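What follows is one structure encoded as structure tokens, with my remarks underneath.
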Amino acid sequence: MSAHTPTARMSLVPEGHASLLRLYLGRGVLAVAWAAAFAANRGSLDGTAVTLLVVYPLIDAVSSLIDFRARTEGSERRPTLFNGVLSAVVALALGVAGTIGVEAVLHVFGAWAVVSGVAQILVGFRRRSPELGKQWPMLIAGGLSVLAGTSWNFQALADDPSLNVLPVYAAAGGAFFILQAGLLARRVRTRTV
């Protein structure tokens with residue numbers, strides 16, 4: 001078998017890198033799909049919107065816990081686990097906030113975006129090795145998450161707050177995950193060619 005066949009390439013790639021690539025890609029695609037579904041709801045806070053609001057942090061919680069279990073060591077494990085647990089709690093909080101109103105949803109989603117953005121920055125800094133693609137998309141996404149979450153808490157206090165910003169946030173976050181997966185794939189390809 002040639003060393004350039006896909007099977008041979010995957011055997012040369014550390015399993016942690018391959019699983020992280022799949023995780024980032026899957027997380028990104030799910031975020032973009034969620035953004036499309038939420039945008040199609042046209043910003044109303046009905047049962048479908050509340051369900052989608054609960055689902056989004058659950059995607060993050062499951063992704064974080066998969067990431068935590070896939071890596072048996074490393075300084076990024078603690079903030080990854082924290083983010084997974086936080087996201088699960090936020091899913092419940094968004095279910096309640098969705099029954100209260102747009103302002104409550106923006107406050108909960110905004111606070112979560114700030115805290116999870118900080119966790120994402122911590123994980124990104126701890127994974128900045130060249131083998132993991134330097135993590136620039138994750139660092140940028142974490143910083144933007146902090147800024148967006150802060151702005152939503154101010155927006156919730158203004159007249160006529162809107163949930164129309166959430167699909168844009170999710171789609172952008174998904175794009176950063178997909179970009180990071182692309183950087184990992186490129187790194188894997190250069191190591192195996």
Quiz item: What's the exposure ranking of Glu103, Glu73, going from fewest to most Cβ atoms within 10 Å?
Solution: Glu73, Glu103
Quiz prompt | Radius of gyration and Dmax over the Cα atoms of segment 18-145, both given in Å | solution = 15.0, 46
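Rank these for me by crowding, Tyr169, Tyr24, going from fewest to most other beta carbons within 10 Å.
On the way: Tyr169 21, Tyr24 25.
Arranged by neighbour count, lowest to highest, Tyr169, Tyr24 become Tyr169, Tyr24.
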Exercise. Specify which residue in the list Ile121, Ser19, Leu52 is farthest towards the positive end of the charge dipole of segment 6-192, using unit charges on the beta carbon of Lys, Arg (+1) and Asp, Glu (-1), about the Cα centre.
Key: Ser19
Quiz item: Which loop-located trypsin sites (Lys or Arg not before Pro) does segment 19-81 contain, where loop means any DSSP state but H, G, I, E or B and the Cβ has at most 13 other Cβ atoms within 10 Å?
Solution: Arg42
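Can you tell me the dipole magnitude for segment 62-193 around its Cα centre, using point charges on the Cβ only (Lys, Arg +1; Asp, Glu -1), in Debye to the nearest 20?
Numbers: 12 positive and 7 negative charges, 202 e Å.
That gives a dipole near 980 debye.
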Quiz item: From the residues Leu147, Gly84, Leu183, which one has its Cα farthest along the dipole of segment 6-192 in the positive direction, the dipole being from +1 and -1 charges on Cβ of Lys/Arg and Asp/Glu about the Cα centre?
Solution: Leu183
Self-check item: Burial ordering of Leu147, Leu81, fewest other beta-carbon atoms within 10 Å first
Solution: Leu147, Leu81
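Just so you know, all these numbers are worked out from the coordinates, no wet-lab data involved. All values derive from a computational prediction rather than experimental measurement. Every residue, glycine as well, gets a Cβ built from its backbone with ideal geometry; the counts of neighbours run over all protein chains shown.
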